[in-house]
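The values are calculated or read from the model by the stated rules, or taken from the named source; none is laboratory data. Here the structure is a predicted model, which is why all the values come from computation and not from measurement. Using ideal geometry, Cβ is built from the backbone for each residue, glycine included, and neighbour counts are taken over all protein chains shown.
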Amino acid sequence: MEQKEMKHLYWRAGFGINPKELEFLSTKSREDIIDMLFYESQNTLPLKIDTHEFDTLTQEQFKKTDKIQREYIEKSRNKIKELNHAWVERVLNSHSVLQEKMTLFWSNHFACQNGMILYVQKFHNTIREHALGSFKELVKAISREPAMIEYLDLKQNRNDKPNENFARELMELFTLGVGNYTEEDIKEAAKAFTGYNHDFEGHFVFNENHHNTQFKYVFGKAGRYEGDDIIDIILEQEACAEFICKKLYRYFVNDALNKEHLKEMTQVFYPDYNIETVLRYMFAQDWFYNPKHIGNKIKSPIELIAGISNTIPLSFKDTKQLVAVERMLGQILFFPPNVAGWKGGKSWIDSNTLMLRLKLPSMLLSNATIANNKKGEFYDSFQTYTKEKVANNFFKTTSNWRVFNSNYQRVSTKDLAQYLLQCPINKGTLNYLETLRINNKQDYCVQLMSLPEYQMC
């Protein structure tokens, strides 16, 4: 397997790869490398933080007084930030890169917000557990999650007054996509999910008294269906497999769909809906490594941070500061903008986020100093921007340059770009690089990661 192909695979299935890892993989076949990716992601250990204050909390205690309720809401809010930090740290330090990449993917696919740490943590770990398994089981598990039950109003979905929110998003955003169902399908499906609820501790509860036991007519079928039955019927539609494969293709390959490749993936995915099987197929295809797919995707904020850390291992000292960085970049984990999630692609970039993205490596790795000695309009505007948006000593990270020196020991400074950048460097950027004073490999590394080309993978 060529080095360029390996770098492409590890950027798409993970968060980059260093020269030492490339050297280790250099004698292995494409099949062996793909096997290794999945083998290293077999570990599905849940992500947990200390929530002992909430573990024994009862509904009666929570609602005892308004003051107590406000205190626990604030505690929960801080714990969600802590869980955010824990997830980022796992992304930055885990060898199970595909596991983390797919957990990020499904978290955005099943976009959900909730203010209770126990529900948020449980929701996340359900996604983590099923991220590379059965899509059918994942959808069924998500429908029973307390966070989703509250987010899409399943608690209000009762026999006497059906609420269609979950049924609508289930079809439109989670399984089929617009145009592959009717309004009547939504109304009838909503009846099947009546009675879905949870207790205060977060356990799923099916309230038979609130469930519609009458016949439902969905996609030309009739029966006294419950929620799981509806999911089974939806997944019988090949359109569901195609819809999910479209999202996988755009996430891993290219925003511009190839109909033939999509058809191949759909045939592999349908009707078993095994996530690992379709990913293995995609990673094994020659078209996945076509040069037109390499370096053509804009990194998400989390991918950008993780990519920097993959090169120079770093950790954030302060949870609040990490969340603030995410906010400025436009992606706060556990807080998607809406039920459709983050759009991705070009939406990651605007005048403010681009400014921050280009200076982020310097700020994370050089204690907020600017490696480039040249100043000008961009530098001045960035300084103004950060003064307005960020408190003093904003970025507090620990970076391990010793690991970088070890991993890149055999890479000359002039060859550093071919390891850090996925897309070709344009003439203007090349001219810019020639004007830089390269003091050492570390400074040059920061400079390369501060280029517009580093925003692509």
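Structural remarks
- Among the residues of segment 138-178, those identified as under 17 Å from His211 (Cβ atoms), touching a strand residue (DSSP E or B) at 6+ places or on another chain (Cβ under 6 Å) and not in a loop (DSSP other than H, G, I, E, B) are Ile149, Leu154, Lys155.
- Once segment 12-28 is narrowed to residues that are in a helix (DSSP H, G or I) and hydrophobic (A, V, I, L, M, F, W, C), the residue that is surrounded by the fewest Cβ atoms within 10 Å (Cβ to Cβ) is Phe24.
- Only listed residue being under 30 Å from Gln409 (Cα atoms), in a helix (DSSP H, G or I), at pLDDT 95 or above and over 17 Å from the mean Cα position of the chain (by Cα), chosen from Glu71, Glu31, Glu100: Glu31
- Pairs meeting the criteria (first residue in segment 49-62 and under 15 Å from Lys75 (Cα atoms) and touching a residue at least 60 places away in the same chain (Cβ under 8 Å), second residue of a type in the set (Lys, Arg) and in a helix (DSSP H, G or I), beta carbons under 8 Å, at least 6 apart or on different chains) are Ile49/Lys79; Thr51/Lys79; Phe54/Lys75; Phe54/Lys79.
- Comparison of Ser309, Ser347, Ser351 shows that the only residue that is among the hydroxyl-bearing types (Ser, Thr, Tyr), surrounded by fewer than 16 Cβ atoms within 10 Å (Cβ to Cβ) and at pLDDT 95 or above is Ser347.
- Residue in segment 273-286 that is over 21 Å from the mean Cα position of the chain (by Cα) and either in the same structural domain as Pro361 (by TED's automatic domain parsing) or not in a helix (DSSP H, G or I) (or both) present: yes
- Filter pass, Asn290 being more than 21 Å from the chain's Cα centre (by Cα) and at pLDDT below 90: no
- Condition met for Ile308 (assigned by TED's automatic domain parsing to the domain that holds Ser29, outside any loop (DSSP other than H, G, I, E, B), of a type in the set (A, V, I, L, M) and under 20 Å from the mean Cα position of the chain (by Cα)): no
- Filtered residue count, segment 92-120, keeping only those that are under 13 Å from Leu45 (Cα atoms) and touching a residue at least 24 places away in the same chain (Cβ under 8 Å): 5
- Residue match in segment 47-56 (condition: part of a loop (DSSP other than H, G, I, E, B), under 30 Å from Leu421 (Cα atoms) and either of a type in the set (Asp, Glu) or within 25 Å of the chain's Cα centre (by Cα) (or both)): no
- Test set (1) free of Cβ contacts under 8 Å to residues at least 60 places away in the same chain; (2) outside the structural domain of Thr194 (by TED's automatic domain parsing); (3) acidic (Asp, Glu) - Asp229 fails condition number: (2)
- Of the listed requirements (1) free of Cβ contacts under 8 Å to residues at least 40 places away in the same chain; (2) closer than 26 Å to Leu257 by Cβ; (3) in a helix (DSSP H, G or I), Lys343 misses just one: (3).
- Among residues of segment 221-241, those that are under 30 Å from Gly295 (Cα atoms) and surrounded by 20 or more Cβ atoms within 10 Å (Cβ to Cβ), counted: 2
- In segment 110-125, the residues that are of a type outside the set (Phe, Trp, Tyr), assigned to a helix (DSSP H, G or I), touching a Phe, Trp or Tyr at 6+ places or on another chain (Cβ under 9 Å) and crowded, with 20+ Cβ neighbours inside 10 Å: Ile117, Val120, His124
- Residues of segment 27-41 that are in contact (Cβ under 8 Å) with a residue 12 or more places away in the chain and farther than 16 Å from Tyr289 by Cα: Lys28, Leu37, Phe38, Glu40, Ser41.
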